[in-house]
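What follows draws every value from the coordinates through simple rules; no lab data is involved. If you're wondering where the values come from, they're calculated on a predicted model, not measured in any experiment. Cβ placement follows ideal geometry from the backbone for every residue including glycine, while neighbour counts extend to all protein chains displayed.
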Amino acid sequence: MNPLKYAVTFACYNQIAYTRQCVDSMVKHGFDLSRLVVVDNGSSDGTREYLESLPLGGRIFNNGNLGCGVAWNQGALALQAEWTVVMNNDVLVCENWLDNLINVAEKNNLKIISPSLIEGPLDYDFDAFASSTIDKMHNVLRLGGRHAVCLAVHNSVWQEIGYFQPVPKLLGYEDTLFFNEAEKAGIACAITGASWLHHYGSVTQTAMKQERGLAAKDGLGYRYNYRLLKQSWLERKLRKMARLKQARQWRDDELKNHGMTLHGARVNGDFRWQ
């Protein structure tokens, strides 16, 4: 794929070990770092020095933690392309992850697409798993599915609904608002079994909760962020029920047909399919 067709960006806040693993996995599978923009939200653990050592397409150093929405917008605007991949820094990619992701989107006329995920500890051979699983699941598609661990966004989406809300106190709610706007605009999205990531599990948000003295079960963002959706309690409830019903249907169909699903977690050394 022509490198000028895509750009990739992620934000980071400390957690240098995960950022290094993410970049190393990209390089291992032939990714051109000149197509990557990293936005650092005020790290103090050596992350900035590490980023300075890389031949990146862009690096943006914020003075403090401005939140995901601001950082994602900065990264997307710094290196514009037909497709922009916005992703977490606590992930590992597999071979052909990006080509497969965008090829499936274009084949199915999708404007937002995400890869499948395995979440949790890296206690298995992810590269071997991804290679065999892509052969098995490459035609599986969760139409209407979405997540913000990694999403490829076509440039027409920015033109239609704009970028992420740049409000620092949202603290993780930016993706909910973005997907809500995409849904209202009828923008087609999906999760594909042709591309897989290993996701350690929102390590930055976990660290931020610890900084603020919050428990793991506590929400990080402003408690009334949901008001920005401008939906009644009943509407939110019905939408959530519909999403859960659809997720169960995807899981049941995929397990029946393939013995696995597009979303798994590592628990006690085994896969738990979701």
Seminar exercise, completed: If every Lys and Arg gets +1 and every Asp and Glu gets -1 at its Cβ, then about the Cα centre the range 3-273 yields a dipole, in debye to the nearest 20, of 1260 debye
For this session: Take the alpha carbon atoms of the range 236-274, find their center, do the same for the range 1-70, and report the distance between the two centers in whole angstrom.
Result: 31 Å
Exercise. Per residue of the chain, what 222 nm ellipticity follows from adding -39500 (n - 2.57) for every DSSP H run with n ≥ 4, rounded to the nearest 500?
Worked result: -12000 deg cm²/dmol
Problem set entry | Contact order normalised by residue count of the range 3-273, Cα under 8 Å, 6+ apart, percent | 22 percent
Seminar exercise, completed: Along the dipole axis of the chain (charges at Cβ: +1 for Lys and Arg, -1 for Asp and Glu; origin at the Cα centre), the most positive-end residue among V23, L110, L54 is L110
Exercise. Using 7 Å Cα-to-Cβ label points, what is the Q231/K245 separation (nm, one decimal)?
Worked result: 1.4 nm
Exercise. Counting Lys and Arg as +1 and Asp and Glu as -1, what is the net charge of the other residues whose Cβ lies under 13 Å from the Cβ of F126?
Worked result: -4
Seminar exercise, completed: Computed over the range 12-69, the relative contact order (Cα-Cα under 8 Å, seq sep at least six) in percent reads 39 percent
Exercise. Just one of (i) 46, 41, 40; (ii) 48, 44, 38; (iii) 48, 45, 41 is Cα extents along the principal axes in Å calculated from these coordinates, so which is it?
Worked result: (iii)
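Among the listed pairs K136/K237; K5/K28; K5/K240; K169/K230, which have their C-alpha atoms separated by more than 26 angstrom in this model? Numbers along the way, then the final one.
Values: K136/K237 35 Å; K5/K28 20 Å; K5/K240 35 Å; K169/K230 18 Å.
Correct reply: K136/K237; K5/K240.
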Exercise. L4 to W273: FRET efficiency via 1/(1 + (r/R0)^6), r the Cβ-Cβ distance, R0 41 Å, to the nearest 0.05?
Worked result: 0.60
Exercise. For the range 90-96, what does the Karplus curve 6.51 cos²θ - 1.76 cosθ + 1.60, with θ = phi - 60°, yield as ³J(HN,Hα) per residue in whole Hz, taken in order and with x for Gly and Pro?
Worked result: 9, 9, 10, 9, 10, 4, 6
Seminar exercise, completed: With R₀ set to 25 angstrom, the calculated FRET efficiency between the beta-carbons of N63 and N155, to the nearest 0.05, is 0.30
